[in-house]
1. Evaluate the range 108-128: report whether one residue or more is under 22 Å from the mean Cα position of the chain (by Cα), buried (at least 24 other Cβ atoms within 10 Å of the Cβ), farther than 19 Å from Gln46 by Cβ and aliphatic (A, V, I, L, M).
2. Can you confirm whether Ala106 is outside any loop (DSSP other than H, G, I, E, B), small (Gly, Ala, Ser) and either touching a strand residue (DSSP E or B) at 6+ places or on another chain (Cβ under 7 Å) or free of Cβ contacts under 8 Å to residues at least 60 places away in the same chain (or both)?
3. On the given criteria, is Leu338 out of contact with any Asp or Glu (no Cβ under 8 Å at 6 or more places or on another chain) and crowded, with 24+ Cβ neighbours inside 10 Å?
4. Tell me the residue from Glu59, Glu79 that is surrounded by fewer than 21 Cβ atoms within 10 Å (Cβ to Cβ), outside any strand (DSSP E or B) and in contact with a Cys (Cβ under 9 Å, 6 or more places away or on another chain), please.
5. Pairs under 6 Å by beta carbon, first residue of a type outside the set (D, E, K, R) in the range 378-396, partner in a helix (DSSP H, G or I), six or more apart or different chains?
6. What's the total number of residues in the range 190-205 that are hydrophobic (A, V, I, L, M, F, W, C) and surrounded by fewer than 24 Cβ atoms within 10 Å (Cβ to Cβ)?
7. In the list Leu186, Leu199, Leu166, which residue meets the criterion of being without any contact (Cβ under 8 Å) to a residue 12 or more places away in the chain and over 25 Å from Arg63 (Cα atoms)?
8. Given the options Ile54, Ile88, name the one that is among the hydrophobic types (A, V, I, L, M, F, W, C), under 23 Å from the mean Cα position of the chain (by Cα), assigned to a strand (DSSP E or B) and within 25 Å of Ile398 (Cβ to Cβ).
Amino acid sequence: MGASASIPTCWYNLLADLPFELPPDLPCPSDERPRRVKIPPALIRQELDRRRLIPIPEEVSDRYQQWRPTPLRRARDFERAIGTDCAIYYKYEGGNLSGSHKLTTAVAQAYFYRNAGASCLTVGTGAGQWGTAVAAACGMFGLGCMVYMVRSSYEAKPYRKTMMELLGATVVPSPSDRTVIGRRALATGEVDGTLSLALAEALEDSTDPGTCFATGSGETYTLLHQTVMGLEAAEQLEAIDARVDVIVAALGAGSNLAGLAFPFLGPAFAGARAVRVVSVEPAACPKLTRGRYAYDFTDASGQTPLQKMYTLGHDFAPAAMHAGGLRYHGSAKLIGALRHRGLIDALAVHQTAAFSSAVEFTKAEGILPAPESAHAIRGAVLEAQRADEAGAPQTIVISVSGHGLLDLAAYESYGQGTMVDTTVSSGDIERALANLPDVSGLAGGGVDGS
């Protein structure tokens, strides 16, 4: 049974309660002319704002009413299926046109970009959730939309492309021959693509005056927009007198994890009840568990400003896997800083284990989770097992960030036993990390963020 909530009127800004300063962004060290990212002043102000609550514009709030608030439900049948004494709740974000939490920031960004004079947004997308969300949001605000979709996902998830095109977007598999960086990748034999490469193509294709690149997960303002998830969840838990001990969410770059966790984590910094936050990532792209906390580019172009993050290297090419939205090489800088200081935990899981838990969840709860959410569900199972073994049952809240109804090919692969687990070698990680940019000569490059 779900708990009721109202749509928040403000976004929650963790920067107001953060007990340390984030390492500054650094200029691109490349000799080439850096790519200029055209960001509306309103979003830049949100990136720098230190107010705890930032009002949601009325027009954005009106759009949110199409699907928000989203339900928070207790997974009692799933608890019985896995034999745990823990109470497990899940915040379900799959009940909107895009099928994921991504629409929450896509609507906000499209609103601010339109007000700043943009006529078209270009985006890079992995599994297609972000591309679908932006296509939907652009339709709401009269904008064009160009989507560069990682080729391995483009081919494995054809109905994502269909959905985006129905919403008016143009969808191109990445790497493509439309951009310099795409042609360069194709010439070297890179066919499957990476999210970092798709982002670089989208950025390169945003040179026209009215065309702007929009990012779905890594920037601080995207994390801010998603906090409606956690604000709703806090109200829903309070309504049933439940107190959360552990929050579990999958990690691509961080907006899903931040959206649910930050409204609980910030008050804990200010002295409220502590909450453990667990990020779950694929073993095939283990940035928080095996990456390095360092300055890196946010895409594969080597021409963006540098952010301090946990990274596997901007040219790291993870193996093809079904959770395409989790194949990003790095973390959001805010997530990276929290992890670096031990304020959030992380674990990596194989995709067969994730899908095993997702199938159990589907049978018990009647919801088919996206492959990304399958990782969060697996993380919650591991957390419940740990708590049960310690004899200290806990209340666990999971972000089920989207549905898997367009990911049935992945579930078919799992069911037929053809799904393959990939473990990244230390050598592959070290080779990618060897190409991290040299920041020793840049202003602020000596800041370690600790």
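1. yes
2. Working: outside any loop (DSSP other than H, G, I, E, B): yes; small (Gly, Ala, Ser): yes; either touching a strand residue (DSSP E or B) at 6+ places or on another chain (Cβ under 7 Å) or free of Cβ contacts under 8 Å to residues at least 60 places away in the same chain (or both): no.
The answer is no for Ala106.
3. Numbers: out of contact with any Asp or Glu (no Cβ under 8 Å at 6 or more places or on another chain): yes; crowded, with 24+ Cβ neighbours inside 10 Å: yes.
Considered against the rule, which asks whether it is out of contact with any Asp or Glu (no Cβ under 8 Å at 6 or more places or on another chain) and crowded, with 24+ Cβ neighbours inside 10 Å, Leu338 comes out as yes.
4. Details: Glu59 fails: in contact with a Cys (Cβ under 9 Å, 6 or more places away or on another chain).
Step by step, each of Glu59, Glu79 is checked, and only Glu79 is surrounded by fewer than 21 Cβ atoms within 10 Å (Cβ to Cβ), outside any strand (DSSP E or B) and in contact with a Cys (Cβ under 9 Å, 6 or more places away or on another chain).
5. Qualifying pairs under 6 Å: Val381/Ile82; Val381/Ser357; Pro393/Ala387; Gln394/Ala387; Ile396/Ala380; Ile396/Glu383.
6. 1
7. Working: Leu199 fails: without any contact (Cβ under 8 Å) to a residue 12 or more places away in the chain; Leu166 fails: over 25 Å from Arg63 (Cα atoms).
None of the others qualify; the one that does is Leu186.
8. Numbers: Ile54 fails: within 25 Å of Ile398 (Cβ to Cβ).
Answer to the selection: Ile88.
The values are calculated or read from the model by the stated rules, or taken from the named source; none is laboratory data. Every value quoted in this text rests on a predicted model; they were computed, and no experiment measured them. Using ideal geometry, Cβ is built from the backbone for each residue, glycine included, and neighbour counts are taken over all protein chains shown.
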